[in-house]
Amino acid sequence: MDDRKYPAGANRHQVLLVQRERLNVDGVVNVESFDDREIALDTEEGGLVIRGEDLHISELNLETGNLVVRGYIKAIEYMKDSFGQKGKGFLAKLFR
């Protein structure tokens, strides 16, 4: 299935959606923004956007990389890059 090798001790990214009402995400690096309709975050596999209604972050532990979202989940979308990388790329271009 996935032949990539993960270093010892590295957190693996995993998403578990239960009944479109609870979303568990492992491998979270940073939460960029959130409100009751959209949560944007960086994971070990890149940027992730969660869209829905009445979204609430019920648990967040950046040390372990765990996030739990409750509400009605409408969409989960991966971005090409992480949100942090986009900002660094822009600043790097600006100061060339």
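Computed from the coordinates by the stated procedures, all read-outs in this text should not be read as laboratory data. Everything quoted here is computed from the prediction, not taken from an experiment. Glycine also receives a Cβ, built like all others from the backbone with ideal geometry; neighbour counts cover every protein chain displayed.
Here are the numbers for the structure shown:
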item: Sorted by Cβ neighbour density within 10 Å, fewest at the top, the residues THR64, THR43; result: THR64, THR43
item: Only Lys, Arg (+1) and Asp, Glu (-1) charged, at Cβ; segment 14-94 dipole about Cα centre in debye; result: 280 debye
